[in-house]
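A short write-up of the structure that comes next.
The values are calculated or read from the model by the stated rules, or taken from the named source; none is laboratory data. Worth saying up front: this structure is predicted, and the values here are computed from it rather than measured. We place every Cβ from the backbone using ideal geometry, glycine too, and count neighbours over all the protein chains shown.
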Amino acid sequence: MRYRLAALIVGLAFVLAAQEKPGPRFEMTTYYLGLLHKGPAWSAEVTDETKRIQTAHLAHIGKMAESGKLILAGPIIDGGELRGIFVFKTDSVEEAKALSEADPAVMAGRLVVELHPWLGPKGLRYDPPK
């Protein structure tokens, strides 16, 4: 009986001690999620023009990332209507919209962007390869 009582007291002490230690705080912040869909000028055909637009699209992504405004980007690879994503860390949805609309693939009508505020983990960042 004494051993059980001692074990219970020790176990309770561990539980109480663990509760006193504050764990790391997980902070959230607002990002803007851009969903890139096939646009009215979309075509699966590969031409010199589509190659030029894609090259310019990728260069624009690089510039947005270097500015710190674009945190994540990438294609959706299931072949559906949704073609890719952007995650922006900007001061407003209007700023994210302006950056999206300046994309050469959007300007050419190959893609359209749908923007949504998204609550995600604070501190996401673009980390280019070295």
- Task: Within the range 75-97, track down each residue that is at pLDDT 95 or above and closer than 17 Å to Gly39 by Cα.
- Result: Pro75, Ile76, Ile77, Asp78, Gly80, Glu81, Leu82, Arg83, Gly84, Ile85, Phe86, Lys97
- Note on the structure: For strands (runs of 3 or more DSSP E) lying entirely in the range 58-130, having 2 or more residues that are aliphatic (A, V, I, L, M), closer than 19 Å to Pro40 by Cα and free of Cβ contacts under 8 Å to residues at least 60 places away in the same chain picks out 82-88
